[in-house]
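Structure, as structure tokens:
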Amino acid sequence: MNYCSQCGSQQLAFEIPEGDNRSRFVCKNCHTIHYQNPRMVVGCLPVYQDKILLCRRAIEPRYGLWNLPAGYLENGETVEEGALRETWEEARARVAITRLHCLYNLPHVQQVYLHFLATMSQPDYKAGPESLEVKLFAADELPWDEIAFSSSTFALKMYLKYGNDYQDLHIGTYSKS
């Protein structure tokens, strides 16, 4: 952080504020504490007749690799609204959310993923501006070596292991080991 977004001062210190237990940027001019919290990433695992819809990324990071449609939650959205929007933006697919499928933690990049299980009533989809192509995959066709992110891999593995009927939330955390 280079300057205080409250007063514009460059007099910032990275320290533990009084009454806190974590280091934060604190403006020495106006005393504003700048909290930086994890970003929410929301998306869907869209299913049509036992096939899963994936998008080939047209943007970095991980350009050209496959991913579940997902992206950052916008202010003013519910997590479900964000997941539906991201699925439309990336796959031009209209889906109905069935339930929250999994939560995936990426503490090293300050992200939390929420993937919803969703159904497609018809195979109507096409690449949006952030996708090179969009395709339905049967379980034995999934391009495991070309999956962009560990969050998608986790969501896909939990779906293949437990299917549509499993009602518990799957929770995972990225591990560098």
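Is one or more of the residues making up the stretch 48-55 of a type in the set (Asp, Glu) and touching a residue at least 12 places away in the same chain (Cβ under 8 Å)?
Of the residues in the stretch 48-55, the ones of a type in the set (Asp, Glu) are 50.
Among the residues that remain, those that are also touching a residue at least 12 places away in the same chain (Cβ under 8 Å) are: 50.
Yes, the stretch 48-55 contains a residue that is of a type in the set (Asp, Glu) and touching a residue at least 12 places away in the same chain (Cβ under 8 Å).
Residues of the stretch 13-29 that are under 31 Å from the mean Cα position of the chain (by Cα) and in a loop (DSSP other than H, G, I, E, B): 16, 17, 20, 21, 22, 23. The sole residue among 68, 54 that is surrounded by 24 or more Cβ atoms within 10 Å (Cβ to Cβ), assigned by TED's automatic domain parsing to the domain that holds residue 153, within 14 Å of residue 125 (Cα to Cα) and under 12 Å from the mean Cα position of the chain (by Cα) is 68.
Scan the stretch 89-106 and give yes if some residue there is part of a loop (DSSP other than H, G, I, E, B), β-branched (Val, Ile, Thr) and buried (at least 16 other Cβ atoms within 10 Å of the Cβ), otherwise no. So far as the stretch 89-106 goes, yes, one or more of its residues are part of a loop (DSSP other than H, G, I, E, B), β-branched (Val, Ile, Thr) and buried (at least 16 other Cβ atoms within 10 Å of the Cβ). You will find that of 44, 27, the residue that is crowded, with 20+ Cβ neighbours inside 10 Å, at pLDDT 95 or above and not assigned by TED's automatic domain parsing to the domain that holds residue 137 is 27 and no other.
Looking only at residues in the stretch 137-177 that are outside any strand (DSSP E or B) and in contact with a helix residue (DSSP H, G or I) (Cβ under 6 Å, 6 or more places away or on another chain), which one is surrounded by the most Cβ atoms within 10 Å (Cβ to Cβ)?
By that ranking, first place goes to 174.
The values are calculated or read from the model by the stated rules, or taken from the named source; none is laboratory data. These numbers were taken from a predicted model, which means no experiment stands behind them. Backbone-built Cβ (ideal geometry, glycine too); neighbour counts: all protein chains shown.
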